[in-house]
Amino acid sequence: MSRILIVDDHSPARSLIRACVSLDGHSVVEAGTGEAAIEALRKLPFDLVLLDLVMPGMDGYSILEALRTMPTVANTPVITLSDRDESIDAMRAAGLGALDHLSKPFGYDELEKAVKRVVDATPDEIIELRLAKAAQVETYNQVISLVDDAREPVRRGFFRRARAGRR
């Protein structure tokens, strides 16, 4: 049985997530604000944090940044949640140390699979997950850099020329 912190400003969402992870035998602590989440992390060790990214006040990104500066909990695994289905959110969260990202609405099976993958992982497997996410973020950043560079007058048409060269 793992101890999981659910951080979401929307009470019905927290209740639904709590019900899902409780069914799997996990103990749950809830926080409705970023400040409450930081306070809970200072008081108790958690095996996993399920963190909503979009919240008023201290948002999920700020919590991730704060978490990584707290030595006793800096390596606590985090799965981020967001109702915006945008890859930039998942990549930004991964860059701040999140191991996985779920877009709302998600189903019980999807949540159960993500939670199980993290809480059942050995410390070495967590390191592997972190390294894989870091590599994914690096690749994403390289692609974004290429796209940004392509906007410069000298590089415009780069992708078109590269495609034509492969034919």
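The table for this structure:
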read-out: Net charge of neighbours whose Cβ lies under 11 Å from the Cβ of Ser15, counting Lys and Arg as +1 and Asp and Glu as -1; value: 0
read-out: Cα centroid separation - region 1-40 against region 43-80, whole Å; value: 12 Å
read-out: Peptides ranked, highest mean first, by Cβ atoms within 10 Å: ranges 45-51, 2-8, 15-21; value: 2-8, 45-51, 15-21
read-out: Simple Cβ-charge dipole of region 3-121, Lys/Arg +1 and Asp/Glu -1, about Cα centre, in debye nearest 20; value: 340 debye
read-out: On Cα atoms only, tilt of 123-150 relative to the major axis of the chain in degrees; value: 40 degrees
read-out: Selection from Val29, Met91, Asn75, by position along the positive dipole direction of the chain (Cβ); value: Met91
read-out: 0 to 90° range, to nearest 10: angle between helix 34-43 axis and the chain longest Cα axis; value: 60 degrees
read-out: Spacing of the two label points (7 Å from each Cα toward its C-beta) at Leu23 and His10, in nm; value: 1.9 nm
read-out: Global form of region 3-121, assessed from the alpha-carbon gyration tensor, a/c cut-off 1.5; value: rounded
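Values quoted throughout were computed directly from the atomic coordinates according to the rules given, and no laboratory measurement underlies them. Remember, it's a predicted structure, so these values are computed and weren't measured experimentally. Cβ coordinates were reconstructed from backbone atoms using ideal geometry, including for glycine residues, and neighbour counts include every protein chain displayed.
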